[in-house]
Amino acid sequence: AQKVTQAQTEISVVEKEDVTLDCVYETRDTTYYLFWYKQPPSGELVFLIRRNSFDEQNEISGRYSWNFQKSTSSFNFTITASQVVDSAVYFCALRNFMNSGYSTLTFGKGTMLLVSP
Amino acid sequence: DGGITQSPKYLFRKEGQNVTLSCEQNLNHDAMYWYRQDPGQGLRLIYYSQIVNDFQKGDIAEGYSVSREKKESFPLTVTSAQKNPTAFYLCASSSGQVLETQYFGPGTRLLVL
């Protein structure tokens with residue numbers, strides 16, 4: 001069965017600190033896709049990144065970076081120099097391939113990040 | 001602007017009442033999804049549909065029903081059989097292709113009176 005674990009329920013940091021959000025996944029698929037979403041207080045989930053299993057190159061987008069390690073089944077997300085606007089719940093998700101040929105997503109329970117001024 | 005709209009933003013349900021949550025997308029996406037979010041529980045899949053007139057049960061379909069008569073629309077009905085409907089409901093859509101990404105609407109918060 002597919003599973004995504006975000007062990008950190010809540011993280012509090014002070015502005016300008018770096019913070020890493022952990023994501024550990026379980027899958028039997030040899031090819032799979034991982035995602036990160038941000039949910040600000042407004043509620044809408046905002047797509048941040050998609051990563052496929054055969055591309056282990058780490059990715060950087062501004063203050064955001066992602067560290068994908070197949071050996072440890074982890075896909076961690078780091079925010080450098082955090083800002084108050086980064087305060088949100090962050091979800092890691094794993095794409096499921098169903099027997100029907102369709103696909104869905106399995107989400108972790110999320111990590112709430114609170115950045116104080 | 002392309003996107004996903006959900007209405008209403010807040011919805012109140014009385015005991016024994018069925019209510020319907022609207023989800024519309026103009027992204028020309030084939031696939032649409034409904035998720036339920038409870039505090040500290042993450043998102044759980046209720047129903048999904050890959051094409052018009054076809055839909056599949058997700059992990060927590062009991063007490064819910066859907067229809068997919070048009071590509072743009074995927075309404076969710078919360079029936080009286082759903083005993084604990086208070087939650088935040090999110091609709092999503094995707095192209096349905098291999099490298100698909102799901103994009104989400106703003107959500108509907110359902111409260112029981």
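The values are calculated or read from the model by the stated rules, or taken from the named source; none is laboratory data. Note that the structure is predicted; figures quoted are calculated from it, not measured. Positions of Cβ are backbone-derived with ideal geometry, glycine not excepted, and every protein chain shown enters the neighbour counts. Surface areas here come from the heavy atoms of the whole protein model, side chains and all, with no ligands, DNA or RNA. Shrake-Rupley method; radii C 1.70, N 1.55, O 1.52, S 1.80 Å.
The residues listed here are B:GLN41, B:GLN17, B:GLN6; of these, the one that is of a type outside the set (Phe, Trp, Tyr), within 10 Å of chain A (Cβ to nearest Cβ) and over 11 Å from the mean Cα position of the chain (by Cα) is B:GLN41. None of B:THR108, B:THR101, B:THR86 is away from every other protein chain (no Cβ under 14 Å) and among the polar types (S, T, N, Q) except B:THR86.
Number of residues in the range A:84-105 that are open to solvent by 20 Å² or more (accessible area, probe 1.4 Å), under 17 Å from A:THR31 (Cα atoms), more than 8 Å from chain B (Cβ to nearest Cβ) and in contact with a strand residue (DSSP E or B) (Cβ under 7 Å, 6 or more places away or on another chain): the value is 1.
Kindly indicate whether B:SER65 is more than 28 Å from A:THR5 (Cβ to Cβ) and in a strand (DSSP E or B). Answer is yes for this residue. On the stretch given as the range A:3-17, residues that are within 11 Å of chain B (Cβ to nearest Cβ) and surrounded by 12 or more Cβ atoms within 10 Å (Cβ to Cβ) total 3. Tell me, please, whether a residue that is open to solvent by 80 Å² or more (accessible area, probe 1.4 Å), among the charged types (D, E, K, R) and farther than 16 Å from A:LEU113 by Cβ can be found in the range A:18-35. Yes; the residues of the range A:18-35 include at least one that is open to solvent by 80 Å² or more (accessible area, probe 1.4 Å), among the charged types (D, E, K, R) and farther than 16 Å from A:LEU113 by Cβ. Out of the residues in the range A:49-81 that are without any contact (Cβ under 8 Å) to a residue 40 or more places away in the chain and among the hydrophobic types (A, V, I, L, M, F, W, C), which is farthest from A:GLU17 (Cα to Cα)? Checked the range A:49-81; the qualifying residue farthest from A:GLU17 (Cα to Cα) is A:PHE54. The strands (runs of 3 or more DSSP E) found entirely in the range B:1-46 that carry 1 or more residues being within 24 Å of A:TYR90 (Cβ to Cβ) are B:4-7, B:19-25, B:31-38.
If the condition is being open to solvent by less than 10 Å² (accessible area, probe 1.4 Å) and either more than 13 Å from A:GLY43 (Cα to Cα) or aromatic (Phe, Trp, Tyr) (or both), then the range B:31-44 contributes B:ALA31, B:MET32, B:TYR33, B:TRP34, B:TYR35. Filtered by the rule that a residue be outside any loop (DSSP other than H, G, I, E, B), within 27 Å of B:GLU15 (Cβ to Cβ) and either in contact with a helix residue (DSSP H, G or I) (Cβ under 9 Å, 6 or more places away or on another chain) or of a type outside the set (Ser, Thr, Tyr) (or both), the range B:69-106 gives B:LEU76, B:VAL78, B:ALA87, B:PHE88, B:LEU90, B:CYS91.
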